[in-house]
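The block underneath contains the structure these notes are about, expressed in structure tokens.
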Amino acid sequence: MIIAIDGHSSCGKSTIAKGIAQSLNFVYIDTGAMYRAVTLYAMRHDCVSNQEKLAKIINDIHIHFEINPHTKAQQTFLNGENVEDKIRALEVANLVSEVSKIAFVRKKMVALQQSYAVHGNIVMDGRDIGTVVFPNADFKFFVTASAQVRAQRRYDELQAKGEHVNFDEVLQNIEQRDFIDSTRSESPLRQAEDAVLVDTSNMTREEQLTWILHYIAQHKK
């Protein structure tokens, strides 16, 4: 079974997807982390705005996930380096939409994402999972929330990690990413026609997970 979770940034997609995977004993794939890892690599090689240079080194990028044996949390590895914390920084968030809209970047990531399907039952979250990566997914959910709510959640998350950011800066980043993700020519963010809309603005994390798991149980073939 393949479960696709799409939606806007900072709306709780990853939390929901992780919860589903844990509850159903499925494999979880964080596609956002993959694009953030590519962005980090491009930043380190000074080619975020130089597609020609990035195209020459794109095949040098190798991404995989490992489960931390102590925390049981999934961690992202870039060419053997654990970059989980680095890719969550605001400077990466500010650039990830620019990098992820590049056609050859998406082509490489989509191919890698589709390869995970051979492992069996998976939950994958992103922006084009139900429309491009797995258009025939067994379940598709499109998760959203108001920009203000999403910015507050992201702000609280960054503050908890000790990052010094201001709310307006985070909100601007959210709104900018929404615009870039939904207007890009390559795999734009949109709700698949057969995806179930889930607005999490007034839902706790527990309520979000409970609602979706109930829906899956009720509609499973």
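Structure data summary
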item: Cut-off 10 Å between beta-carbons: net charge of the residues surrounding S100, Lys and Arg +1, Asp and Glu -1; result: +2
item: Hits among lysines - C-alpha to C-alpha of K56 under 16 Å, sequence gap 8 or more where chains match; result: K107, K108
item: Selected from D60, D194, D125 as most flexible by GNM, with the chain as the system and alpha-carbon contacts under 10 Å; result: D60
item: Proximal charge balance of F134 [Cβ under 14 Å; K/R count +1, D/E count -1]; result: -3
item: Relative contact order (%) - criterion: Cα under 8 Å, at least six apart; region: region 34-110; result: 36
item: For the chain: accessible area per residue (Å², 1.4 Å); result: 50
item: Cross-link partners of K220 among lysines (Cα-Cα below 24 Å; sequence separation of 8 or more within a chain); result: K13, K18, K140
item: Spin-label proximity, Q148 to region 191-221 - amide N less than 19 Å from point 7 Å beyond Cα toward beta carbon; result: 199-204
item: Summed side-chain charge close to N173 - residues other than N173 whose Cβ falls under 15 Å, Lys, Arg +1, Asp, Glu -1; result: -4
item: Relative contact order of the chain, pairs being alpha-carbon contacts under 8 Å that are 6 or more residues apart, as %; result: 33
item: Carbon and sulfur %, accessible surface of region 66-216 computed with the full protein complex present, 1.4 Å; result: 50
item: Max mean-square fluctuation residue, GNM over the chain, Cα-Cα springs under 10 Å, options K86, K72, K13; result: K72
item: Fluctuation leader among T71, T200, T131 - the chain, Gaussian network, Cα springs under 10 angstrom; result: T71
item: Cα-centre dipole for the chain with unit charges at Cβ (Lys and Arg positive, Asp and Glu negative), debye to 20; result: 440
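The values are calculated or read from the model by the stated rules, or taken from the named source; none is laboratory data. Keep in mind that this is a model prediction, so the values were computed, not measured. We place every Cβ from the backbone using ideal geometry, glycine too, and count neighbours over all the protein chains shown. Just so you know, the surface numbers come from the protein's heavy atoms only, side chains and all, with ligands and any DNA or RNA stripped out. Shrake-Rupley method; radii C 1.70, N 1.55, O 1.52, S 1.80 Å.
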